[in-house]
Amino acid sequence: MLRRVSSDRVPSPPPPWIADLCSDGLDVVWTGAGHGWMRFRRHAHLRYPTNDVAPVTTAERREMFRHRRLVLQHHHRVEDPARANACLYLCEDPGYSLDGLSSNNRSKVRRGLKRLEVRQVEPSEVAASGYPAYSDTRGRHGVPHMTSRQFTDLWGPRRLSASHEVWGAIGPEGIVAFGEVHLCGRWASLSATVSADRALRDYPNHALFFTLLSGLMGRPGIESVSYGLSSLRPETGRDSLHRFKESVGLAAVPVRREITLHPVLKPLVNPVSARAVAALERRRPESRLPRAARSALDMLRGTTPPDAPEVADG
């Protein structure tokens, strides 16, 4: 169900893709300023899709806070690269093609397309053979994952909206890589791309990303395709992921990433909270939440590393 926050101004009507996101089970609000915000924690919202790089006004932040949205995360482009603290992976090339890639990556794409079939797939196909790609990827990143039964229960009955697509690279044993696409008006957002260890020699990621980027940028009305932002969390594979994203034609666009807290939460940002989160991280090193919370607290307290986001005044 679409949730909409009220505004003092004449609100713009939500576009159809907002309702589609909600029908896919996502919790999304539409502001009077004409932006979508997706819930990613109980009271935390991320502006979505990540292609949206317009500045967020104080009025819009207050609009969200009035309706118990306590933590806001967003980003915007900066003209001075020195002010950037993150990068947005974005393709804005309407002429995206194989010729724009390096000779090495052209070879990998051709090999992947020769050995694998890349096409749009149904959730039932993901349920039937996509689990190794999901679990192997989670394992490579060192994060917990669902059991095979949980994965099947999630994907088996799933139904996609008109703005939601799933694409897969398929080998003799089924899906070896897949990713999701949300079509958000003039923007497309890629997420949740995964690949199986057994198929990495066939370059399924190169074949999948090339097919998605070339196909999406060739669709009428699509201005850009995004694939998320650089992570706040320290991860061993971050540099290699950065290189891969650039190798398939995604530009690392400098942005200013911000986290805004509701005024009632600001007293909680203190050394005691930081020590408590650090202790929880030591006790549960396998959990992503304590690592993310520590990164956010470091940033909020002014002890953040250079690539973490800043806090905007609420």
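The values are calculated or read from the model by the stated rules, or taken from the named source; none is laboratory data. Not measured: the values here are computed from a predicted model. Here the Cβ positions follow ideal geometry from the backbone for every residue, glycine too, while neighbour counts run over all protein chains shown. Side chains included, ligands, DNA and RNA excluded: accessible areas come from the protein's heavy atoms. Shrake-Rupley method; radii C 1.70, N 1.55, O 1.52, S 1.80 Å.
For segment 116-159, what relative contact order do you get, as a whole percent, if you take Cα pairs closer than 8 Å and at least 6 residues apart?
Working: 27 pairs, mean separation 24.7, N = 44.
The normalised contact order for segment 116-159 reaches 56 percent.
With equal scatterers on the alpha carbons only and no solvent term, can you work out the Debye log10 of I(q)/I(0) for segment 34-131 at 0.15, 0.17 1/Å?
Values returned for q = 0.15, 0.17 Å⁻¹ are -0.92, -0.98.
Would you mind getting me the FRET efficiency between residue 159 and residue 191? Use the beta-carbon distance for r and R0 = 22 Å, nearest 0.05. Provide the component values of the computation, followed by the final result.
Values: r = 18 Å, r/R0 = 0.81.
For residue 159 and residue 191, the calculated efficiency is 0.80.
Quick one: ranking 20, 197 by accessible area, 1.4 Å probe, largest first, what do you get? List each step's numbers first, then the result.
Details: 20 35, 197 75 Å².
If we order 20, 197 from most to least accessible, we get 197, 20.
How long are the three semi-axes of the equivalent ellipsoid for segment 107-177, computed from the Cα gyration tensor as the root of 5 times each eigenvalue, in whole Å, largest first? Provide the component values of the computation, followed by the final result.
Details: eigenvalues 89, 60, 23 Å².
Equivalent-ellipsoid dimensions as semi-axes: 21, 17, 11 Å.
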